[in-house]
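The values are calculated or read from the model by the stated rules, or taken from the named source; none is laboratory data. In this text the structure is predicted, and so the values were computed from the model without any measurement. When we count neighbours, we look across all protein chains shown, and the Cβ atoms used for this are built from the backbone with ideal geometry, even at glycine. All accessible areas refer to the heavy atoms of the entire protein, side chains included, with ligands and DNA or RNA removed. Shrake-Rupley method; radii C 1.70, N 1.55, O 1.52, S 1.80 Å.
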Amino acid sequence: MDIKVFYYFQTVYEEQNIHTAAKKLYISPQGLGKIIKALEEEMGAALLTRTKKGVVATESGKIFYEKSKQFTKEIQEMKREIAMMNREKNELRIGFSAGTLKAISLQRIFDYQKLYPEQRIIWGENENEIVLRGIKEDTIDYGFVTSKIEDSLFQQMELIRLPILLLVYEGHPFWKENEVSMDMLQKEDMIVMNEQYHIYYDFMRSCQMHGFLPNICAKTMDGETLYHLCEQKVGLALCPAFPNPSFHHLKAIPFKENYQWKIYGTWKKRTKQRNCLMAFQSFCKDKL
């Protein structure tokens, strides 16, 4: 059993609502529902009772929640102790949320390494939620994330903001437009980055605020595929205004609304790597 399933169940249990928990976990309600159903099948018992207002834990669900909380706490402690034991004093672990490497040049990281050769930089890319969890569990020191976090455990600074653009293929009625609005997308086939990307949830919330659910005809986890599908006239696509875009035969149209994609430098307030973190954050603030 994947330990991630424990976190998913615990969130549903605490929120008592699949949709609310899904937003918090940055996955779709349908996907979360399938995970919970598979968990119940594996345990051989119903863990949640569905109601009109949400979900309520069964007696089996209550036991599973308490035991899984204890288990995940022990796993977190074990990972934290092992990570801290095996790391060097001047080691800085950096996490990039999916998509942020298109806006942040790794050359900047290499430039920082030249300024501080005594520091060892380790970096990796993952889903936004996994990067945040890594910071919380002390397996990541600094994260480039795409969501604003209301948690006293974290400290954040906005580093980059890019406007969200609508990619339109040649021949579409929007081709002659100089700007578009969210309302104009109500009847359009849309291509979006999948649930691993925070922009997916931002887009869904924006559409709901405008009173409609978008017609998503394709999801992808690769930007080049997004461009290709749009060029093939499968649908319209959303994309941050990355520098040096690689798409052809497409027109990038800005939104009338203040629709932006933001990247936040994120770190834990209390950490043994504070000196390294402050030097790196200062560099990011000035150079990114």
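P(r) of segment 154-288 in 10 Å steps, Cα pairs, percent per bin? Once binned at 10 Å, the Cα pair distances of segment 154-288 give 11, 38, 28, 15, 8, 1.
Taking 18 Å as the cut-off, the amide N atoms of segment 119-160 that come nearer than this to a point 7 Å along the Cα-to-beta-carbon line of A241 belong to 159-160. Of interest is the spacing of the C-alpha centroids, which for segment 211-288 and segment 13-46 amounts to 27 Å. According to the Cα-based calculation, Rg over Rh for the chain is 1.00, with Rh computed by the Kirkwood formula. Kirkwood radius for segment 76-220, taken over all pairs of different Cα atoms as the inverse mean of 1/r, rounds to 18.1 Å. Computed in the context of the full set of protein chains, the accessible area of segment 1-120 at 1.4 Å probe radius has 53% of its extent on carbon or sulfur. For the residue pairs K114/K262; K219/K251; K23/K148; K24/K52, the C-alpha atoms sit more than 23 angstrom apart in K114/K262.
Using helices alone, what [θ] at 222 nm do you get for the chain, with -39,500 (n - 2.57) per DSSP H run of 4 or more residues, divided over all residues and rounded to the nearest 500? Result for the chain: -13000 deg cm²/dmol, rounded to the nearest 500. Taking the three principal axes of the alpha carbon atoms in segment 12-137, the coordinate ranges are 58, 33, 21 Å, sorted in descending order.
Quick check: net charge around Q107, other residues with Cβ under 13 Å of its Cβ, Lys/Arg +1 and Asp/Glu -1? Walk me through the numbers on the way to the answer.
On the way: positive: R108, K114, K287; negative: D111.
Neighbour charge sum, excluding Q107 itself: +2.
Extending 7 Å from Cα along the Cβ direction at K37 and again at N275 yields two label points whose distance is 5.5 nm. Surface listing: M43, M193 arranged by accessible area from highest to lowest gives M43, M193, probe 1.4 Å. Ranking of D222, D286 by solvent-accessible surface, largest first: D286, D222 (1.4 Å probe, protein heavy atoms only, all chains present).
Taking all protein chains together and a 1.4 Å probe, the residues T271, T20, T146 rank T20, T271, T146 from largest to smallest accessible area.
Here the chain is assigned +1 on the Cβ of each Lys and Arg and -1 on the Cβ of each Asp and Glu. Its dipole about the Cα centre then comes out at about 660 debye.
In whole percent, how big is the carbon plus sulfur part of the accessible area of segment 207-288, probe 1.4 Å, protein atoms only?
On the way: 2190 of 4500 Å².
Here carbon and sulfur together make up 49 percent of the probe-accessible area.
Rolling a 1.4 Å probe across all protein chains gives K136 an accessible area of roughly 110 Å².
The distance between label points at E125 and R80 comes to 3.0 nm (points 7 Å beyond Cα on the Cα→Cβ vector).
Solvent-accessible area of H228, all protein chains in place: 100 Å² (probe radius 1.4 Å, heavy atoms, ligands and nucleic acids excluded).
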